[in-house]
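Worksheet for the structure shown next.
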Amino acid sequence: MGFRRFVNILFAASTLLLTSYNDILPPINIKCNESPIPSYYVAGKGSNLIDCINNNYKSKYKKVKDFIGVKDTTMPGLRYDYLPGTTIGFYSARSDVMTFDTSKVIYINNDTRCDFPIMHESAHALLNRKSQEIGNGIWTKFSASDRRNFTLSDYGLELISEGLANYTSKENKSKNNNINWPRNREEFYCGSPYNFGNYLVTNIMDEFGAIAIPFMIKNPPTGTEVFYPTEWQNRIRRLIINSQRSRR
């Protein structure tokens, strides 16, 4: 057997092992500690939320659209329905519809607040449009609808999606270097994709701005890379810097 053939066989075997570890995994069967519904989620204010969304939807959507830099002017559909847990909004990339739960209205100082939910879900819709504009297809697409069956790559994709949605909606930014990063798939399942996502994307976005978004959309952490956030961040920095140099 020639040396080159031996190397090719070895590479194929190692790739198969990595693929198996990442894509053929049993469902997670642990129960996580449930987050309580925040005290400012008040029931019985559904009509207030609908009015708030109707009055703010277009302006907030445009604000996020301008930041991300999306050409598509089509706006996603709106619907109202019950959403599980503490979720107040949800965007479906497949149907291009944003759903809001009027049973959990954010009500602070006698005032209904809807800016953050609108901008967060609008960010998901606009990141989906940006992905299609750069030839990356519908985004995000997970291998399973149930997070218990997510692969490591699915969790990496989820972190980028939620991190970018939080950042572009100005909802929350975290540069905390002392974050307790997950060590296994179960900790990603029980942890907050918003907190982990914030940590993963904030420094890069602060450093490069919106030009970093396509690089992160097309190059989320894959497989075991999800356990090493700093290495992934450095990989994205290199891709951006090399792209900038090639244009000079």
**Only one of Thr222, Thr168 that is among the hydroxyl-bearing types (Ser, Thr, Tyr) and either open to solvent by 10 Å² or more (accessible area, probe 1.4 Å) or at pLDDT 95 or above (or both)** = Thr222
**Asked** Looking at the stretch 52-110, which of its residues are assigned to a loop (DSSP other than H, G, I, E, B) and open to solvent by 60 Å² or more (accessible area, probe 1.4 Å)?
**Response** Lys71, Thr73, Thr74, Met75, Asp81, Tyr82, Pro84, Arg94, Ser95, Asn109, Asn110
**Message:** Against the condition of a type in the set (Ser, Thr, Tyr), open to solvent by 30 Å² or more (accessible area, probe 1.4 Å) and assigned to a helix (DSSP H, G or I), how does Tyr155 come out, does it pass?
**Reply:** no
**Item:** Residues that are farther than 18 Å from Thr140 by Cβ and either touching a residue at least 24 places away in the same chain (Cβ under 8 Å) or not β-branched (Val, Ile, Thr) (or both), drawn from the stretch 220-232
**Value:** Thr224, Phe227, Tyr228, Pro229, Glu231
**Residues of the stretch 182-208 satisfying the condition of being closer than 13 Å to Arg237 by Cα and open to solvent by 20 Å² or more (accessible area, probe 1.4 Å)** = Asn203, Asp206, Glu207, Phe208
**Prompt:** Of the residues that sit in the stretch 209-219 and are farther than 21 Å from Phe142 by Cα and hydrophobic (A, V, I, L, M, F, W, C), which one is surrounded by the most Cβ atoms within 10 Å (Cβ to Cβ)?
**Reply:** Ala212
**the stretch 225-248, residues that are polar (S, T, N, Q), modelled with pLDDT under 95 and under 19 Å from Met205 (Cα atoms)** = Gln244
**Asked** Only one of Gly89, Gly77, Gly85 is small (Gly, Ala, Ser), in contact (Cβ under 8 Å) with a residue 24 or more places away in the chain and out of contact with any helix residue (DSSP H, G or I) (no Cβ under 9 Å at 6 or more places or on another chain); which?
**Response** Gly85
**Complete:** Residues of the stretch 118-139 being open to solvent by less than 10 Å² (accessible area, probe 1.4 Å) and farther than 16 Å from Gly163 by Cα, in sequence order, are none
**Request:** Return a yes/no flag: does the stretch 235-242 have any residue that is surrounded by 16 or more Cβ atoms within 10 Å (Cβ to Cβ), over 24 Å from Tyr189 (Cβ atoms) and of a type in the set (S, T, N, Q).
**Result:** no
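The values are calculated or read from the model by the stated rules, or taken from the named source; none is laboratory data. What you see is a predicted model; the values in this text were computed from it and never measured. Using ideal geometry, Cβ is built from the backbone for each residue, glycine included, and neighbour counts are taken over all protein chains shown. Heavy atoms of the whole protein, side chains included, go into the accessibility calculation; ligands, DNA and RNA do not. Shrake-Rupley method; radii C 1.70, N 1.55, O 1.52, S 1.80 Å.
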